[in-house]
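Below is one structure, written out as structure tokens, with a few remarks after it.
What follows is calculated from the coordinates using simple rules that are stated; it is not laboratory data. What you see is a predicted model; the values in this text were computed from it and never measured. Cβ: placed from backbone, ideal geometry, glycine included. Neighbour counts: every protein chain shown.
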Amino acid sequence: MNSFAQRLGMERRTYKRSPLSIPGRYQINEKSSQTMPMTVSNIGAEGLCFLAAASLKSGQNVTVYLPLKDREEIVLQMSVVWSWKVSGSEEYQSGLKIIDSGREDGQRFIRFYCEAALFSLDTEKKQADENYS
């Protein structure tokens with residue numbers, strides 16, 4: 001990836017982000033027990049990015065629920081790093097960092113991330129193979 005931030009030497013991510021599109025839910029911790037729908041657009045070992053109908057504030061704590069197979073889900077306590085309105089859309093994109101997860105959910109998230117990263121690498125390889133065919 002050759003983003004503007006990377007060109008300026010400002011890229012702060014330690015781990016590669018893997019693109020994916022999965023539905024989930026989030027809850028604004030200090031407001032209510034109501035959850036709101038979102039769609040994860042990419043995931044990294046320390047956080048994720050999602051699209052939702054509402055803007056979030058930097059530093060805000062959020063609980064994120066990610067679905068797994070067999071009706072299980074991962075529950076993560078996260079902090080909003082950034083959030084902005086997507087141009088030409090009614091949605092907002094938000095980047096969040098994990099601040100706490102239970103031991104079991106933390107391990108399941110790492111497995112989830114590894115599977116997403118492997119899928120992403122496999123997809124990139126297939127596309128590269130198709131381009132050279």
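Details
- Most to least packed among 79-90, 58-69 [average Cβ atoms within 10 Å]: 58-69, 79-90
- The distance between label points at Lys57 and Trp84 comes to 2.0 nm (points 7 Å beyond Cα on the Cα→Cβ vector).
- The label-point distance for Thr35 and Lys97, in a model that sets each label 7 Å from Cα toward Cβ, rounds to 2.5 nm.
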